[in-house]
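Notes follow the structure.
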Amino acid sequence: MHELSIGSAVVDTAVKHAAGRRVSLVSVRLGHLRQVVPDSLSFYFDLIARDTVCEGARLEWEIVPARLCCEPCSHEWDVTEPAFRCPRCDGARVVVLSGEELEVASIEVHQEEPACIV
Amino acid sequence: MHRVKVRVVEDALDANNTIARANREDFDRDGVTVVNIMSAPGAGKTTLLERVLRDGIEELRVGVLEGDVQGSLDADRLAHLHIPVTQLNTDNGFGGECHLDANMIRSALGTLPLADLDLLIVENVGNLVCPAEFRIGEDARMMVSSVAEGDDKPLKYPLMFRACELVVLNKIDLLPYVEFDVERFRHFLDQVHPGVTVLETSARTGEGVDDLRAWFARLPDRAEAAAPA
């Protein structure tokens, strides 16, 4: 259900960087740990994008796998389930290396041909 | 007319986080420690607050900001405590948002007597998902989970259970009547957020409420120690 809030944040970010230009594609990187449902995000994105320069733009996503690192023993591993204890030393001091992204990576905009300056 | 790719590489929540930092600066300027309380609807946040605040939190001057989609029922319940309580409705120009964000808090700053407070308790909108995503400029975050919700919730809502530093397991007076295994809950919680502090309470009987009050009482010292010199 947080897809509505996140979709709104994605549209705002894209609109800001579009600086008035029409947007045709928005590429986002979604960390696995953020539990975003891409189809749901896409649905809300389309709704929220109405009446903005993002109206009709396609949303493209990449899911970033979650990778953790145990601080005391330096073990690194990938997780798909929410299990945050180190499987090697059972330690609790674990750093998230990737998987928390909620990033607008790039946008594709329509740009006027630069005017010919004589 | 041609298409151009523009590199953005920006966290979609950057705008919120920027406002949250501005809120934090304002809170710090007035020496106010802020705690953000989150939970599902009906977990007992307001009842716990009533219990904790009834006898005060040591000598701290406490204020409460109540976040709800609509109405002032929660603020009304706290009115008899004679402390500053502000109601923030997220449907008031915010489109009925299911969470508080930094901008809503910012818009309410003018109504809060910050200069007269040591601790501001923000009761977020009841929701186990969205509030976890939005920082509001708080020093600490706690969440309340009640035994009536079931012991599997940490695995179902890991974002929320990871986004806080204190988990309060409330309504433990109901344990004889519900299928809830405290050990199982603690085991799941330990997988999702190893080492997080857990307190067991019953807002109804008052069990464990003193421990929660003591946790609140320590927050300002902790915030001071964490503040940049």
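Bear in mind that the values in this text are calculations on the coordinates, not laboratory data. Note that this is a predicted model, so its numbers are computed, not measured. As a convention, Cβ positions derive from the backbone with ideal geometry for all residues, glycine included, and neighbour counts pool all protein chains shown.
Result for chain B in a Gaussian network model with C-alpha springs under 10 Å: among B:GLN191, B:GLN87, B:GLN70, the largest mean-square fluctuation is at B:GLN191. Beta bridges per DSSP, both residues in chain A: antiparallel share near 70 percent.
Divide, for region B:1-78, the radius of gyration over alpha carbons by 2.2 N^0.38 Å, where N is the residue count.
Normalised Cα radius of gyration, region B:1-78: 1.68.
Between B:TYR177 and B:ARG77, the modelled label-to-label distance comes to 1.6 nm, taking each label 7 Å out from Cα in the direction of the beta carbon. Any chance you could tell me what percent of the C-alpha pair distances in chain A go past 20 Å? I get 51 percent for the Cα pairs in chain A exceeding 20 Å.
Whole-Hz Karplus values for region B:48-65 come out as 4, 4, 4, 4, 5, 7, 4, 9, x, 10, 6, 9, 5, 8, 10, x, 10, 10 Hz, taken residue by residue from phi with 6.51 cos²θ - 1.76 cosθ + 1.60 and θ = phi - 60°; glycine and proline positions read x.
Calculated from DSSP H runs of 4 or more alone, at -39500 (n - 2.57) each and per residue, what is the 222 nm mean residue ellipticity of the protein assembly as shown, nearest 500?
-9000 deg cm²/dmol
Projecting the Cα atoms of A:CYS73, B:LEU120, B:ALA226 onto the charge dipole of the protein assembly as shown (Cβ charges, centred on the Cα centre) puts A:CYS73 farthest toward the positive pole. Rounded to the nearest 20, the size of the Cβ-charge dipole of region B:58-107 about its Cα centre is 120 debye, with Lys and Arg at +1 and Asp and Glu at -1.
Scalar couplings 3J(HN,Hα) for region A:78-94, obtained by applying the Karplus form with A = 6.51, B = -1.76, C = 1.60 to θ = phi - 60°, are 9, 10, 10, 9, x, 10, 10, 8, 4, x, 8, 10, 6, x, 9, 8, 10 Hz; x denotes Gly and Pro. Taking max minus min of the alpha-carbon positions on each principal axis, region B:70-229 gives extents of 45, 40, 31 Å, largest first. If r is the Cβ-Cβ distance from B:VAL198 to B:ASP11 and R0 is 30 Å, what FRET efficiency results, to the nearest 0.05? In this case the efficiency is close to 0.50. Straight-line reach from A:LYS16: taking Cα to Cα under 30 Å and skipping same-chain neighbours fewer than 8 places apart, the lysines in range are B:LYS5.
Hey, could you get me the Stokes-Einstein D for region B:174-225, Kirkwood radius over alpha-carbon pairs, 10 °C and 1.306 mPa s, rounded to whole µm² s⁻¹? This corresponds to a translational diffusion coefficient of 121 µm²/s. DSSP bridge analysis restricted to the protein assembly as shown gives an antiparallel fraction near 40%, rounded to the nearest 5. Under the classification rounded if a/c is under 1.5, otherwise prolate if a/b is larger than b/c and oblate if not, where does region B:38-95 fall, given a ≥ b ≥ c as square roots of the Cα gyration tensor eigenvalues? Taking the square roots of the gyration eigenvalues as a ≥ b ≥ c, region B:38-95 is prolate.
On alpha carbon coordinates alone, what is the Rg over Rh value for the protein assembly as shown, Rh being the Kirkwood radius? Could the numbers behind the result be given before it?
Working: Rg = 21.9 Å, Rh = 21.8 Å.
Here the Rg-to-Rh quotient is 1.01.
Extension gain B:ARG3-B:GLU58, at 0.36 nm per residue separation less the Cα-Cα distance, in nm? Provide the component values of the computation, followed by the final result.
Details: separation 55, 0.36 × 55 = 19.80 nm, distance 6.24 nm.
My answer for the length gained is 13.6 nm.
Taking amide H atoms as placed 1.01 Å from N in the peptide plane, the amide H of B:VAL168 lies under 5 Å from those of B:MET143, B:VAL144, B:SER145, B:LEU199, each 5 or more residues away in sequence or on another chain. Based on Cα contacts under 8 Å between residues 6+ apart, chain B shows a relative contact order of 25 percent. Mean partner shielding of peptide A:80-87, defined as the number of other chain Cβ atoms within 10 Å of each residue Cβ, is 5. Comparing B:ALA108, B:PRO41, B:ASN16 along the charge dipole axis of region B:1-119, the residue lying farthest to the positive side is B:ASN16, per the Cβ-charge model.
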